[in-house]
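Encoded as structure tokens, the structure appears first; notes follow it.
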2 protein chains.
Amino acid sequence: MIIDVHGHYTTAPTALGAWRDRQIAGLADPSRSANPSDLTISDDELRESIESNQLKKMKERGSDLTIFSPRASFMAHHIGNFQTSSSWAAICNELCFRVAQMYPDHFVPAAMLPQSPGVDPASCIPELVKCVEQYGNVGINLNPDPSGGHWTSPPLTDRYWYRIYEKMVEYDIPAMIHVSTSCNPCFHTTGAHYLNADTTAFMQCLTGDLFKDFPTLKFLIPHGGGAVPYHWGRFRGLAQELKKPLLDEHLLNNIYFDTCVYHQPGIDLLTTVIPVKNILFASEMIGAVRGIDPTTGHYYDDTKRYVEATSRLSADDRHLVYEGNARRVFSRLDAQLRKKGL
Amino acid sequence: MIIDVHGHYTTAPTALGAWRDRQIAGLADPSRSANPSDLTISDDELRESIESNQLKKMKERGSDLTIFSPRASFMAHHIGNFQTSSSWAAICNELCFRVAQMYPDHFVPAAMLPQSPGVDPASCIPELVKCVEQYGNVGINLNPDPSGGHWTSPPLTDRYWYRIYEKMVEYDIPAMIHVSTSCNPCFHTTGAHYLNADTTAFMQCLTGDLFKDFPTLKFLIPHGGGAVPYHWGRFRGLAQELKKPLLDEHLLNNIYFDTCVYHQPGIDLLTTVIPVKNILFASEMIGAVRGIDPTTGHYYDDTKRYVEATSRLSADDRHLVYEGNARRVFSRLDAQLRKKGL
């Protein structure tokens, strides 16, 4: 089985975006505000958006199951207040849940949280509980910068975040550390902010001792870990300077990287420097980079081709990257699959 | 000849730091303020700091000439106002000039600028002119985020920066795009902020059309280009999405990367994906990572070993990386060397 641990519902029916536009307009002019009950999206619309997009490409490329969360750039936690994020997260998570119900063999949901800048992360717990207990979510996306590029929250190692971590540990669910749209004009969302956040999150964990407090906490750092694997020597050296243990011991029992790196040399490097047990297959399809690479004739984000082609992985390694590691890290997914005899 | 294009005066005599501490104390309590004339550092002190550190390691490792600029993390443009930065930059640039005068075969200076958040970059031009015309500086370090991790300045493609670029083009000097200390607790200075800035600067250039306005402007992106080469497929794909030309044409006549990547797989990737003409040898010695890599027994920042060992470069390629490209990009260095018959 090939499990893609990083897919977002980027192709949701246009009614979703229109509702969000009304919600945002309502922040300035309450007469224009939208209620969640105003939004109606039929099963047929969901089917059309999935079957002609993600599911079509999964079948073409040969992946079986996607861990599916709301569109990352649309989370936009910086907009409005907690109530804004709360309504929006509930709507987006429900849509992913409905998709997973319709295609239980192909999609399993992961939740966005109703984060809001300056609001206690504990406020997200009711949505998290609902998504895990009622919707069968197997993970969450945690935004380390709900301000959208101004980085006003404490580092991930701060006790500020601990209530979320306690709940993650209780449920044994991982968090993908994933920012949303940048509203800082310095940072392009998918070309700078996403990658910077990956690097930043890793370095926050490196400087702290979070995993002493939470030995079973699991973070998935997307986009191949930002700059981290390319600078693995730098990070190993910085850990030495900071008198931390070797990274294998200090971080690699808790931190995982996905394979959203869109060319062969990148995947070759990732699989050279990061232990196989820490690499999870993913494509972020359909995401930031949708075109065809003129140097290969294939889609940039068809990352399975790079994983297949790299000489760094044995057949057993590939099984871990495609399935074994995902089932270990997303243990609730494993439990769901076992119930089905898989 | 082996030219290291990225070295900072990280080992300056302690009197320099003590003066800076007094300058900062004076911002809150003018009775404690320091005048530039209060600082006295002898030639012997400079000699000691260089001969037992940078010059010693250059000889051990086999590099000949370092483009030498003030300590990046000490620039700290976020402290005080323009006058604060102006006094500080003048002092730091003078020290690098003195080092270059004492060791003309081994050090050539590059200037820090007296940037200050919210202050027109044109205010830096007198210091830049002095450094080029009187001190023989061959390049500058330009900080895209003088706020120190809050990213409050416009992107590098904004006309806000154009007065600096006009002067760079007039002198035909490149800018290394290099941030300073992060005062945002989210960003570790050398483990996150530096790399993020490299990625951010590249993406700013990718989304803009700066090099249409300045076809001969040259930016050196340090630390191996941050996350950029590792995600080269992503950036090629994003350029397509944004309807930009291929990166070779859009950016690679103007943007260069150094080799400050502290392990072999990183240098292998850099030299695989980035054209040889765009790679300049550098180590940032003595810098953020000073230890010995237990997996190799050599210093992490002894980057010459990786450049020697990579199978990606021919002898001619290595000559370009070590010398030819540096002389082309730093044309005023080339002119100085030619005057000496080199």
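The values are calculated or read from the model by the stated rules, or taken from the named source; none is laboratory data. Here the structure is a predicted model, which means the values were calculated and not measured. As a convention, Cβ positions derive from the backbone with ideal geometry for all residues, glycine included, and neighbour counts pool all protein chains shown. The area values use the complete protein model at the heavy-atom level, side chains included, leaving out ligands, DNA and RNA. Shrake-Rupley method; radii C 1.70, N 1.55, O 1.52, S 1.80 Å.
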field: Rounded to 5, percent antiparallel among DSSP beta bridges of chain B
entry: 10
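Hey, what does the equivalent ellipsoid look like for the protein assembly as shown, semi-axes from the Cα gyration tensor as sqrt of 5 times each eigenvalue, largest first, whole Å?
45, 27, 23
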message: If I take every Cα pair under 8 Å that is 6 or more residues apart in chain A, average their sequence separation and divide by the length, what percent do I get for the relative contact order?
response: 17
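In the protein assembly as shown, what % of DSSP beta bridges are antiparallel (nearest 5)?
Beta bridges within the protein assembly as shown, antiparallel portion: roughly 10 percent.
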message: If I model a spin label at B:D21 and B:K277 as a point 7 Å from the Cα along the Cα→Cβ vector, what separation in nanometres do I get?
response: 5.0
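Under 13 Å from the Cβ of A:G224, count the other residues' Cβ atoms, weight Lys and Arg +1, Asp and Glu -1, and hand me the total. List each step's numbers first, then the result.
Numbers: positive: B:R234; negative: A:D198, A:D258, A:D268, A:E284, A:D301.
Neighbourhood net charge equals -4.
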task: Starting from the Kirkwood radius over alpha-carbon pairs of segment A:22-175, derive D by Stokes-Einstein at 20 °C in a medium of 1.002 mPa s and give it in µm² s⁻¹.
output: 129
message: Given a 1.4 Å probe, show me the residues in segment A:147-172 buried by at least 40 Å² of accessible surface when comparing the whole protein assembly to the chain alone.
response: A:W151
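Would you work out the relative contact order for segment A:105-229, in percent, from Cα pairs under 8 angstrom that are 6 or more residues apart?
Here the relative contact order equals 24 percent.
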Those residues of segment A:177-196 for which accessible area with every protein chain present is at least 10 Å² below the isolated value (1.4 Å probe): A:N184, A:P185, A:C186, A:F187, A:H188, A:T190, A:G191, A:A192, A:L195, A:N196
task: Using a 1.4 Å probe and ignoring any ligands, DNA or RNA, find the accessible area of B:S37 and quote it in Å² to the nearest 10.
output: 100
field: Selected from A:P275, A:S331, A:G297, residue furthest toward positive end of dipole (segment A:271-342; charges at beta carbon)
entry: A:S331
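Nothing charged except the Cβ atoms of Lys and Arg (+1) and of Asp and Glu (-1): what's the magnitude of the dipole of chain A about its Cα centre? Round to the nearest 20 debye.
For this selection, approximately 320 debye.
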- prompt: In chain A, what percent of the accessible surface is made up of carbon and sulfur (1.4 Å probe, ligands and nucleic acids excluded)?
  reply: 50
message: Over the Cα atoms of segment A:104-155, what radius of gyration and what Dmax do you get, in Å?
response: 12.8, 40
field: Longest segment of chain A lacking trypsin sites (Lys or Arg not before Pro) that sit in a DSSP loop with at most 12 other Cβ atoms within 10 Å
entry: A:1-242
message: Rounded to the nearest 20 debye, what is the charge dipole size of segment B:133-273 about its Cα centre when +1 sits on each Lys and Arg Cβ and -1 on each Asp and Glu Cβ?
response: 280
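Considering only protein heavy atoms, what per residue accessible area in square angstrom results for the protein assembly as shown with a 1.4 angstrom probe?
In whole numbers, the protein assembly as shown has 35 Å² accessible per residue.
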task: Could you work out the per residue convex hull volume over the alpha carbons of segment B:30-118, in cubic angstrom?
output: 104
task: At q = 0.06, 0.14, 0.15 Å⁻¹, work out log10 I(q)/I(0) for chain B with the Debye formula, treating every Cα as an identical point scatterer and leaving solvent out; two decimals please.
output: -0.19, -1.15, -1.34
field: Cα-based equivalent ellipsoid of segment A:161-203: semi-axis lengths in Å, sorted from largest, via gyration tensor
entry: 26, 10, 9
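Quote the relative contact order of segment B:99-171 in percent (integer), defining contacts as alpha-carbon pairs under 8 Å separated by 6+ residues.
On the way: 76 pairs, mean separation 23.0, N = 73.
Rounded, it is 32 percent for segment B:99-171.
Note down, for segment A:7-57, the three equivalent ellipsoid semi-axes (square root of 5 times each alpha carbon gyration tensor eigenvalue), biggest first, whole angstrom.
On the way: eigenvalues 146, 25, 7 Å².
So the three semi-axes of segment A:7-57 are 27, 11, 6 Å.
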- line: Within 10 Å of the Cβ of an average residue in A:295-303, the count of other chain Cβ atoms is 2
field: Cα-only Debye scattering, segment B:153-246: base-10 log of I(q)/I(0) at q = 0.17, 0.19 Å⁻¹
entry: -0.83, -1.00
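Rounded to the nearest 500, what is the protein assembly as shown's calculated 222 nm mean residue ellipticity when only DSSP H runs of at least 4 contribute -39500 (n - 2.57) each, over all residues?
On the way: 32 runs with 282 residues, N = 684.
After summing the helix terms and dividing by residue count, I get -11500 deg cm²/dmol.
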Interface A:B - total buried accessible surface [probe 1.4 Å, Å², rounded to 100]: 4500
- request: Quote the Stokes-Einstein diffusion coefficient, in whole µm² s⁻¹, for segment A:198-321, based on the Kirkwood radius over alpha carbon pairs, a temperature of 37 °C and a viscosity of 0.692 mPa s.
  value: 217
FRET efficiency, B:L342 to A:A315 (Cβ-Cβ, R0 60 Å, nearest 0.05): 0.65
